[in-house]
1. For the structure I just gave you, tell me whether S135 is loosely packed, with under 15 Cβ neighbours inside 10 Å, of a type in the set (G, A, S), closer than 18 Å to I81 by Cα and over 18 Å from the mean Cα position of the chain (by Cα).
2. Would you point out which residue out of A62, A70, A80 is buried (at least 19 other Cβ atoms within 10 Å of the Cβ) and either at pLDDT below 85 or more than 15 Å from the chain's Cα centre (by Cα) (or both)?
3. Can S161 be described as of a type in the set (S, T, Y), under 25 Å from V74 (Cβ atoms) and either touching a Leu at 6+ places or on another chain (Cβ under 9 Å) or modelled with pLDDT under 90 (or both)?
4. Determine which member of the set A173, A181, A200, A177 is farther than 16 Å from S105 by Cβ, under 18 Å from the mean Cα position of the chain (by Cα) and buried (at least 19 other Cβ atoms within 10 Å of the Cβ).
5. Of the residues V128, V119, which is in contact with a Ser or Thr (Cβ under 8 Å, 6 or more places away or on another chain) and free of Cβ contacts under 8 Å to residues at least 24 places away in the same chain?
6. Please list, ordered by first then second residue, the pairs with beta carbon atoms under 6 Å, 6 or more apart or interchain, first in the stretch 98-114 and of a type in the set (G, A, S), second part of a loop (DSSP other than H, G, I, E, B).
Amino acid sequence: MAHCPHINNSTGQFLAESYRMHLMSKKKLLATIVWSATLAATGAMADVTHAPLDAANRGVAAQRDDEELAIHRVLEQFRAIKIPLSTAVAIAERLHDGSRTTDVSFEISGPASYRVRTVGNERIWENVIDADTGSVTEKEISSSLRELDREDLSNIVALKSVKQELSDAVRIAEKAATGSAVAGGLVKQDGKLNFVVVIASDDRLKEVMLEPPRAGKQGATPR
């Protein structure tokens, strides 16, 4: 049965030294979190309209303000939940023996929850985990890897050559950014697989990217 690995002090130090790590500006997964918060605030997708340039510029500033408000809303609700992201990952992985998590995100478009995707046996499963009770709240979505787009499939294939799990990256990122994870996933950069983790730290969201060593290799030097 799959589980969320426990990392003791010595193992944690080894993993931290094995990752190539750097902080990035918030994007990618962060956009998903903001979108969830925006939907929660508006209840619908805004219509696309055409307007003069000055109005468009004002619209950009307003959009920035909306994003900041959305982030504040995410952080406010995230601080109130009982289940950490790492526990939601462990719950999802236990649903299918030997599965590995490919991405997870905190959502507030409905009741606060985590959406977790796991992969195993050439299939991918998506489950929604209640962020207060840890229960599975929606019907599981199951699909074949053949249904994925090229980018997602490439990331999952690359994951097979990596020993570390997303849960390992979450622990390291939380320590590095001094906060709690709200999302995590896989991304390719310069042709190499990376774990990307979004961390809630104080009143900010930070994105941490970690490049794990490939199976059979020793640790890499931090960037």
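The values are calculated or read from the model by the stated rules, or taken from the named source; none is laboratory data. Since the model is a prediction, treat every value here as computed from it, not as a measurement. Cβ atoms come from the backbone with ideal geometry, glycine included; neighbour counts cover every protein chain shown.
1. yes
2. A70
3. Taking the combined requirement at face value, the residue does not satisfy it.
4. Just a single option satisfies the conditions, and that option is A177.
5. Within the list V128, V119, the selection yields V128.
6. G98/A2; S99/A2; A112/I81; A112/A131; S113/A131
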